Amino acid sequence: MSLEKHDLAHEFPQYKEKIHDLKINDRHFAKLFDEYHTVDHEVHRIEVGAENSSDFYLEERKKVRLNLKDQLLLIMKKS
């Protein structure tokens, strides 16, 4: 189990500037980015034991995080 956070700048360092620009200029990207950050923070807190949840709930949140990450990456690649 990975206990590190999966922030987008860490996951995609080659897109660091693009992430910043899109957060400022693309409202849809900014909304997805905020959702991703919220879910990632929640998953991280569960993994380090700061919050309790069922394994099923944790796996579902990880799937949501992955889906958001895929959507964000697609936007970054297209822009």
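Limited to the stretch 32-52, what total is found for residues that are closer than 14 Å to H10 by Cβ and either in contact with a His (Cβ under 6 Å, 6 or more places away or on another chain) or without any contact (Cβ under 8 Å) to a residue 12 or more places away in the chain (or both)?
Number satisfying all stated conditions: 1.
When the residues of the stretch 16-33 are filtered to those that are under 10 Å from S79 (Cβ atoms) and assigned to a helix (DSSP H, G or I), which remaining residue is nearest to the chain's Cα centre (by Cα)?
F29
Among (1) exposed (fewer than 11 other Cβ atoms within 10 Å of the Cβ); (2) of a type in the set (A, V, I, L, M); (3) assigned to a helix (DSSP H, G or I), where does A50 come up short?
Looking at each condition in turn, A50 falls short on (3).
I'd like to know if the stretch 24-32 contains one or more residues that are at pLDDT 95 or above, among the aromatic types (F, W, Y) and loosely packed, with under 14 Cβ neighbours inside 10 Å.
no
The values are calculated or read from the model by the stated rules, or taken from the named source; none is laboratory data. Here the structure is a predicted model, which means the values were calculated and not measured. Quick reminder, even Gly has a Cβ in these numbers, built from the backbone with ideal geometry, and neighbours come from all protein chains shown.
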